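The values are calculated or read from the model by the stated rules, or taken from the named source; none is laboratory data. All values reported here derive from a predicted model rather than from experimental measurement. Heads up, the Cβs are rebuilt from the backbone with ideal geometry, glycines too, and the neighbour counts pull from every protein chain shown. Heads up: the accessible areas ignore ligands, DNA and RNA and are worked out on the full protein's heavy atoms, side chains in. Shrake-Rupley method; radii C 1.70, N 1.55, O 1.52, S 1.80 Å.
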Amino acid sequence: MNRAKRYTGLLLALSLWVITACGEEELDVVELQIGADTYRLEIAATPEERQRGLMFREELGDYEGMIFVFERDRHLSFWMKDTPLPLSIAYVSRDGTIKEIHHMRPLSTRPVESSYAVRYAIELPQGAFARSGARVGNRIDLGPLKKR
């Protein structure tokens, strides 16, 4: 590949990234009680929002995170490609029961799969579930989310 084509391809990729980053819309937010603490969660409900997730984020507050909402129960799989933050993920059933909690390594492409068909996934800073006393089997009141 000649130098001009290589630079043109690089310039096009960079332009698309800038357009995507600048055109990012703010997500809706919900506050949910998880364990003993209240978290401010961005809602990723569309395929595009779920695909982007927390990618490229450089920081996340101690009581912030993201909830991924799916239309139906299913086995889920998440990875940390392009996500430099250490996160924990909880797979949550439609009635709000935490079915599993996993720790995820920043930038890892290893899939973290749910063992159960679930409706939601919640990503928080790594260790936040434990700090808040949230465990597998606990329920989260999803009422504010279901009223959307």
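Per-residue answers, yes or no, for (1) open to solvent by 30 Å² or more (accessible area, probe 1.4 Å); (2) at pLDDT 95 or above; (3) not hydrophobic (A, V, I, L, M, F, W, C):
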residue	(1), (2), (3)
ARG6	yes, no, yes
GLU31	yes, yes, yes
GLU48	yes, yes, yes
PHE70	no, yes, no
ILE89	no, yes, no
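Flag set for GLU123, criterion: in contact (Cβ under 8 Å) with a residue 12 or more places away in the chain, open to solvent by less than 20 Å² (accessible area, probe 1.4 Å) and charged (D, E, K, R). In the set (1) surrounded by fewer than 17 Cβ atoms within 10 Å (Cβ to Cβ); (2) modelled with pLDDT of 95 or more, the condition left unmet by LEU12 is number (2). Please enumerate the residues belonging to the stretch 41-91 that are farther than 21 Å from ILE101 by Cβ, out of contact with any Ser or Thr (no Cβ under 8 Å at 6 or more places or on another chain) and among the hydrophobic types (A, V, I, L, M, F, W, C). Listed by number, the list holds a single entry, ALA45. Among the residues of the stretch 107-121, the ones that are of a type outside the set (Gly, Ala, Ser) and closer than 16 Å to ARG57 by Cα come to 1 in all. Of all residues in the stretch 84-110, those satisfying the criterion of being among the hydroxyl-bearing types (Ser, Thr, Tyr) and in a strand (DSSP E or B) are SER88, TYR91, THR97. A search for C-beta distances below 6 Å between a residue of the stretch 131-147 that is more than 22 Å from VAL29 (Cα to Cα) and any residue that is in a loop (DSSP other than H, G, I, E, B) and modelled with pLDDT of 95 or more, counting only pairs 6+ apart in sequence or on different chains, returns GLY133/GLY35; GLY133/ALA36. Pull up the stretch 72-83, narrow it to residues that are assigned to a strand (DSSP E or B) and not basic (Lys, Arg), then point me to the one that is surrounded by the most Cβ atoms within 10 Å (Cβ to Cβ). Across the stretch 72-83, the extreme among qualifying residues is PHE78.
Going through ILE98, ILE43 one at a time, which residue ends up being under 13 Å from the mean Cα position of the chain (by Cα) and surrounded by 12 or more Cβ atoms within 10 Å (Cβ to Cβ)? Result: ILE43 is the single residue among ILE98, ILE43 that is under 13 Å from the mean Cα position of the chain (by Cα) and surrounded by 12 or more Cβ atoms within 10 Å (Cβ to Cβ). Of the residues making up the stretch 111-148, those that are in a loop (DSSP other than H, G, I, E, B), of a type in the set (Ser, Thr, Tyr) and under 16 Å from the mean Cα position of the chain (by Cα) number 1. Any residue at all in the stretch 37-51 that is in contact with a His (Cβ under 9 Å, 6 or more places away or on another chain), of a type outside the set (Gly, Ala, Ser) and over 19 Å from LEU142 (Cα atoms)? Taking every residue of the stretch 37-51 in turn, none turns out to be in contact with a His (Cβ under 9 Å, 6 or more places away or on another chain), of a type outside the set (Gly, Ala, Ser) and over 19 Å from LEU142 (Cα atoms).
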